[in-house]
1. Exactly one condition in (1) touching a Ser or Thr at 6+ places or on another chain (Cβ under 9 Å); (2) more than 28 Å from A:Ala52 (Cα to Cα) is not met by B:Trp51; state its number.
2. Among the candidates A:Arg80, A:Arg127, single out the residue that is more than 14 Å from chain B (Cβ to nearest Cβ), under 20 Å from A:Thr147 (Cβ atoms) and either without any contact (Cβ under 8 Å) to a residue 24 or more places away in the chain or open to solvent by less than 40 Å² (accessible area, probe 1.4 Å) (or both).
3. Consider B:Ala24 carefully, then state whether it is under 30 Å from A:Val122 (Cβ atoms), open to solvent by less than 90 Å² (accessible area, probe 1.4 Å) and not acidic (Asp, Glu).
4. Looking at B:Gly15, B:Gly92, which one is open to solvent by less than 50 Å² (accessible area, probe 1.4 Å) and away from every other protein chain (no Cβ under 14 Å)?
5. Would you check if A:Pro97 is in a loop (DSSP other than H, G, I, E, B) and touching a residue at least 12 places away in the same chain (Cβ under 8 Å)?
6. Filter the stretch B:48-80 down to the residues that are over 19 Å from A:His150 (Cβ atoms) and surrounded by 17 or more Cβ atoms within 10 Å (Cβ to Cβ) and list them by number.
7. How many of the residues in the stretch A:23-72 are open to solvent by 30 Å² or more (accessible area, probe 1.4 Å), in contact (Cβ under 8 Å) with a residue 40 or more places away in the chain and out of contact with any helix residue (DSSP H, G or I) (no Cβ under 9 Å at 6 or more places or on another chain)?
8. Suppose the filter is out of contact with any Leu (no Cβ under 9 Å at 6 or more places or on another chain) and either open to solvent by less than 100 Å² (accessible area, probe 1.4 Å) or on the phi < 0 side of the Ramachandran plot (or both); does B:Arg37 pass it?
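The values are calculated or read from the model by the stated rules, or taken from the named source; none is laboratory data. The shown structure was predicted, so the numbers you read here are calculated from the model rather than taken from an experiment. Methodologically, a virtual Cβ is constructed for each residue, glycine included, from the backbone with ideal geometry; neighbour enumeration extends over all protein chains shown. Surface areas here come from the heavy atoms of the whole protein model, side chains and all, with no ligands, DNA or RNA. Shrake-Rupley method; radii C 1.70, N 1.55, O 1.52, S 1.80 Å.
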Amino acid sequence: MKPIYSVALVVMAASLVAHGQKIEIPASWDKLAAKADEVDNVTLDKNMLGLAAKFIKDDNDHDGVEVNHLLGKLNGIYVRHLEFKNPGEFTEADVAPVRAQLQGPEWSHVVDVNDKNSKEKVVIYARTVNGKAAGFVILAEEPTELTFVHLDGSIDAQDIDALSGNFGIPKDIHAPKANPEKPNSTGVKP
Amino acid sequence: MTMDPFEEQLKQALGREQPRAGFAGRVRARIAVGEDRTRLRGWLSIPQLRWVLGILLCVGMLAAVSYRHGKVEHARGEEARQQVYVALRLAGAKMQLAESKVRRFSD
């Protein structure tokens, strides 16, 4: 390969990394969505977040200010939420490809809860790039629900704290800071 | 004095014929329409007025396009705002679930 092409490839790869990492949702989720009772699908890139921020600003309330502060730090919000009438509609094979993308040195589990009695599993992953926060992923498996939330951007625990008490985010939650040197530091596995 | 057939034809052709009923009214109506058209052509023959009308038409078209674009942007913005709130509510609900489990396990 000519050196010029190699340089171009490296530059392109670097710019992709700089713009965040998009987690690919497997095609099987589309098939699951067809069976689901309720489907939420959110794909908001930087431009759409900017547009949303303008409208949220018009709300003129305190929550709006906090939300806009958060949106300003984000490159994208990606959500897939499926709710089924009956349990057992999805399997580990549907979730494994997502989890596989959340491995590697940039990702760490900040919360890992697996309740075998209620068959509920929630894992919160934090991404850090060069020691800086670069986003959160929440992957929740419940008997009748499957949820993926990716807040892509330089948000940290303080940003989440600022929203606590709103949108169902617990009031006294203190999302742990991602620590790339010490992953799973706050993980809880019963 | 008898007329020959040619003279007879000529007399008939040149003879006075009464118009059909309402002829005068129809003529007056046509004259009025003609005057209106002439008046409009008269206005349009003023170059400045033609320019003003052209500019007004362009401004009107731009305003219509801008209005339509604004409506589309508004709909996209509203949808994006709703999506942000859906995402935050779902994130909040799952964080709450995780937090409740963590609390239960640590108690």
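1. B:Trp51 satisfies every listed condition except (1).
2. Numbers: A:Arg80 fails: more than 14 Å from chain B (Cβ to nearest Cβ).
Within the list A:Arg80, A:Arg127, the selection yields A:Arg127.
3. On the way: under 30 Å from A:Val122 (Cβ atoms): no; open to solvent by less than 90 Å² (accessible area, probe 1.4 Å): yes; not acidic (Asp, Glu): yes.
Taking the combined requirement at face value, the residue does not satisfy it.
4. On the way: B:Gly92 fails: away from every other protein chain (no Cβ under 14 Å).
Step by step, each of B:Gly15, B:Gly92 is checked, and only B:Gly15 is open to solvent by less than 50 Å² (accessible area, probe 1.4 Å) and away from every other protein chain (no Cβ under 14 Å).
5. Working: in a loop (DSSP other than H, G, I, E, B): no; touching a residue at least 12 places away in the same chain (Cβ under 8 Å): yes.
So A:Pro97 does not fit the description; no.
6. Matches in the stretch B:48-80: B:Gly77 only.
7. Residues meeting the conditions: 3.
8. Working: out of contact with any Leu (no Cβ under 9 Å at 6 or more places or on another chain): yes; either open to solvent by less than 100 Å² (accessible area, probe 1.4 Å) or on the phi < 0 side of the Ramachandran plot (or both): yes.
So B:Arg37 passes the test.
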